[in-house]
1. Residue by residue through the stretch 130-144, what is 3J(HN,Hα) from phi via Karplus (6.51 cos²θ - 1.76 cosθ + 1.60, θ = phi - 60°)? Round to whole Hz and write x for glycine and proline.
2. Can you tell me the Rg and Dmax of the chain, counting just the alpha carbons, in angstroms?
3. Report in % the part of the accessible area of the chain that belongs to carbon and sulfur, leaving out ligands and nucleic acids; probe 1.4 Å.
4. Treat each spin label as a single point 7 Å out from the Cα along the C-beta direction, and report the residue 226 to residue 3 distance in nm.
5. Could you pull out every residue, at least 5 positions away or on a different chain, whose amide H is within less than 5 Å of the one on residue 277? Hs are placed 1.01 Å off N in the peptide plane, and Pro or chain starts have none.
6. Can you tell me the length gained on complete extension of the stretch residue 191 to residue 319, counting 0.36 nm per residue apart and subtracting the Cα distance?
7. Under the Karplus relation 6.51 cos²θ - 1.76 cosθ + 1.60, θ = phi - 60°, what is the ordered set of whole-Hz ³J(HN,Hα) values for the stretch 18-34, x standing for Gly and Pro?
8. Provide the solvent-accessible area of residue 136, counting protein heavy atoms only and rolling a 1.4 Å probe, rounded to the nearest 10 Å².
Amino acid sequence: MPAEPITAAQLFERFFAPHYPPDALTDLAAMRSTDANPAGNPSILAQIEHAAEVFARLAPGAFDAPDLGLDFSDASVHRLGAALTRERRDAWLSPAGGAGGARGTRGTSTASGAGEPSMLVTLVTHGALYVGACVVKNHGGKWQVRTPLWESLVRLESSAGTGDLALFQWWLKALSDEEIDRGRLVDRYRTHVEVPTFDAERLPVIAAGDRRIPRLAKVRYDTLYKHLRAHLPELRSVGEDFPSPERFEEMAFKSMEFALLGGGRMLLMHGATTEGVHLFWLDANGFAKSAYYPADSFPAHVVQVEGQKIRVIVPVRGETQAHEMLWWGA
């Protein structure tokens, strides 16, 4: 019989729950919402920073990746997320890999006398604080201290509003069977940290934001190029990372629509195929990012621009789904 899938809940119950006080386990929601540093004691914040520094120093060895480069940058979180592979996780879950891990620091000491933490516990508890420290350092996040410390949240204020980031939960989910092969730690960091805090106002203006670019009815790579040259000559190139002519033709767009966003700082191109809806964001240098949403072929999708946000409405199996994001893309 195939092995039972490893879920985030199973990881928590097997490896982390033994390191929690029994009263915390009876009401995790209350524990996770209780401020453990109401007086703002700087020594507690120093413990968190120390744990993050320990992780940055020791993780390259634990990952067998001497070039991991954990320098507290956003890019380091991307490298870290890419290093969370199934092979490494399974090694940490094995009896040999799960025992005798590095000792916990002052910032993540065990709370229940459960004994020496395993390598998996040490990496995740310290790693959660490392990712949080990156948010604090690079984006002005504020620690919301919890007990145990690895449950601490980071409050981030951005164009998307104010949110509390549960970094420990990010790690547990990223290590589950559902996500281990999908790089979801990086996806969450990008979606909840980098995109909302991106300073889109620094992008150069391509053209006046009120310019209207007509719909392109017959979509081929050559007709798209001519269309852009005629209606947006300021955009000199679609960029090196835009889909190749061959790939673009394979998509077989029914039509293509255009909208200038952010006062003309970005061009959004969106079109439907037989399988779904593609969106492409281009800045002054060309292709910046893309998104794809599976959708029925009828009725047509709708893109609404409202202030700082855009909403993409698509039909899926006869029902309507709406995807909302900041105008510079998810």
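The values are calculated or read from the model by the stated rules, or taken from the named source; none is laboratory data. Bear in mind the structure is a predicted one, so any value in this text is a computation, not a measurement. With ideal geometry, Cβ positions are generated from the backbone for all residues, glycine too; neighbour counts draw on all protein chains shown. In case anyone asks, the SASA skips ligands and DNA or RNA and just uses the protein heavy atoms, side chains included. Shrake-Rupley method; radii C 1.70, N 1.55, O 1.52, S 1.80 Å.
1. 5, 4, x, 5, 5, 5, 5, 5, 9, 9, x, x, 10, 5, 10
2. In order Rg, Dmax, the Cα atoms of the chain give 23.3, 71 Å.
3. The computed percentage sits at 51.
4. It works out to 5.8 nm between the two label points.
5. So residue 277 has HN proximity to 293, 295.
6. Working: separation 128, 0.36 × 128 = 46.08 nm, distance 2.54 nm.
Length gained, residue 191 through residue 319: 43.5 nm.
7. Going residue by residue, I get x, 9, 10, x, x, 5, 5, 5, 6, 8, 4, 4, 5, 4, 6, 10, 9 Hz, with x marking Gly and Pro.
8. Accessible surface of residue 136 is approximately 40 Å².
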